[in-house]
Structure formats: structure tokens, C-alpha cells
Amino acid sequence: MKKKFLTLIFILTLTACGFKVVNQSELGNFKISEIATSGDKRINYVIKKKLNPYSKDNLNNIITIELKTEKQKTIKEKNINNEVTKYNIKINIDVEIIELKSNKKHKFKLSKTGEYSVASQYSQTLSNEKKLIKVYSDVLANELLEEIIRRLNAV
């Protein structure tokens, strides 16, 4: 009898916790009217390409996005001959979202830092830098999209 009672209480507590699975397709309920960019063109291109499919037509929640990207490249490591062996790349994005209907502004910053190695050939070093920038631009675009959804759906 005691085991049945404890099992019943355990089941009721877990099923009545109020947890609701969020349908991600319902969260992206906005239309991007404009994406204004300044700064690094390659990073901006990747972000714009990633955001455009999430803009839905025929919605009342119309937003504009302003992006200011900055890429900082610094030397991380040198060898004993004073030759550079690793570089640090830091990508900063200042984001401003403006809801046109309510004229609300949301400002925030996103940042990623990474490193890449210098190869024996200069072209390979440039390729390493481009790959790192592309990967981090994709990651930042995903973070930006999540932040837009979070801020627009906040109650």
C-alpha cells in the first residue's frame, strides 16, 4: 500500500510539473525588412545569408537589424626565431534590433575568439584564417538568431 502511494505521488509530481515542449517553428514569428551592415564584409555576408530564410512574409512583427562587425587579428605565439606560429582572431558584433510596430530597440553584443596556425605556405595560412572566420561566423549567426527569437518572444 505504501509503495503504491509513493509511486502515485511520484508520477503525479512528474506529470504535473508544467513543462511544455516549445515548438521552434512558432518562435520565429518575425519578418526582417532590412539588415544594415558595416564592418567586415565576409562575416556580414555569412550572417545575412543565415538570417534571410527565417524571415517570414505576411507577419505583423516587422524588424530591422543593424550589424556592426569587427575582426581583430593579433599574434598569439612566436617561436624562438621570432617567427609568428599562431594568430588570434576575435570577432565582435554589435547588434541593434528595432521592432517597427512598437518602436522597441534591443541592443546586445556577440563575440567569438579563436586561433589558427601559420602554415609553411602563405596560401595555406590564408585558408586557415578563412575557415576559422567562416566557422565562427556561422556560430555567431546561430547565436544571433537565438537571441532575436528570445528577445522578440519575451513576455
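The values are calculated or read from the model by the stated rules, or taken from the named source; none is laboratory data. It should be emphasised that the depicted structure is a prediction, and the values quoted were computed from it without experimental measurement. Cβ coordinates were reconstructed from backbone atoms using ideal geometry, including for glycine residues, and neighbour counts include every protein chain displayed. For accessibility, only protein heavy atoms count, side chains too; no ligands or nucleic acids. Shrake-Rupley method; radii C 1.70, N 1.55, O 1.52, S 1.80 Å.
Heavy-atom accessible area for LYS31, with the other protein chains in place and a 1.4 Å probe, reaches approximately 60 Å². Note on the chain: dipole from Cβ charges, positive end direction compared against THR113, SER123, THR37; the farthest Cα belongs to THR113.
Only Cα pairs under 8 Å and 6+ residues apart enter the sum, and on that basis the relative contact order of the chain stands at 19 percent. Between GLU99 and LYS2, the contour length at 0.36 nm per residue exceeds the alpha carbon distance by 29.3 nm. In this structure, the amide hydrogen of GLU115, modeled 1.01 Å from its nitrogen in the peptide plane, lies closer than 5 angstrom to those of ILE89, counting only residues at least 5 positions away or on a different chain.
Computed about its Cα centre, the charge dipole of the range 58-155 is approximately 120 debye, with only Lys, Arg, Asp and Glu carrying charge at their Cβ.
What percentages make up the Cα-Cα pair-distance distribution of the chain when the bins are 5 Å wide from 0? Each 5 Å bin holds this share of Cα pairs: 2, 8, 14, 15, 12, 10, 8, 7, 7, 6, 5, 4, 2, 1, 0, 0. Just to confirm the number: angle between the C-alpha axis of helix 41-51 and the first principal axis of the chain, 0 to 90 degrees, nearest 10? Tilt relative to the chain: about 20 degrees. Per residue, the chain reaches -12500 deg cm²/dmol at 222 nm when only DSSP H runs of four or more residues are counted, each adding -39500 (n - 2.57).
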